[in-house]
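See structure below.
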Amino acid sequence: MNAGQLTWTNAAPIILMLLVILGLFWWIVVRPAHARQRRHQQLIDELQVGDKVVTVGGIYGIIKRVGEKIIEVDVGDMTLEMDRRAIRRKQSEEEL
């Protein structure tokens with residue numbers, strides 16, 4: 001066997017290390033991102049009229065109407081119509 005040839009015995013530790021790195025990447029980056037996405041989708045699915053929310057733009061308001069894709073948010077003197085996905089979170093009790 002030549003010194004420059006790559007055999008399975010020589011390549012196994014390299015392949016194993018790559019698999020470990022990919023597994024760690026999935027565990028540290030991809031898995032938490034999917035969990036956040038699932039929580040946000042659950043929040044969007046559970047929106048109801050009267051919920052106090054904060055949009056991705058930082059606007060605080062109260063939901064007045066919930067449609068399949070669009071919601072209406074009352075922000076004082078006006079009502080904004082926006083995509084449901086524009087809701088970042090519900091207001092916490094401390095913010096009220």
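Which residue out of GLU94, GLU72 is among the acidic types (Asp, Glu) and either touching a residue at least 12 places away in the same chain (Cβ under 8 Å) or exposed (fewer than 14 other Cβ atoms within 10 Å of the Cβ) (or both)?
When all the criteria are applied, what remains is GLU94.
Pairs under 7 Å by beta carbon, first residue in contact (Cβ under 8 Å) with a residue 24 or more places away in the chain in the stretch 16-29, partner loosely packed, with under 10 Cβ neighbours inside 10 Å, six or more apart or different chains?
Correct list of pairs: empty, since none qualify.
Give me the strands (runs of 3 or more DSSP E) completely within the stretch 15-75, filtered to those with at least 1 residues that are in contact with a Cys (Cβ under 8 Å, 6 or more places away or on another chain), at positive phi and not aromatic (Phe, Trp, Tyr), ordered by residue number.
The strands (runs of 3 or more DSSP E) meeting that bar number zero.
Taken together, the values in this text are just the output of simple stated rules run on the coordinates, not laboratory data. What you see is a predicted model; the values in this text were computed from it and never measured. Cβ coordinates were reconstructed from backbone atoms using ideal geometry, including for glycine residues, and neighbour counts include every protein chain displayed.
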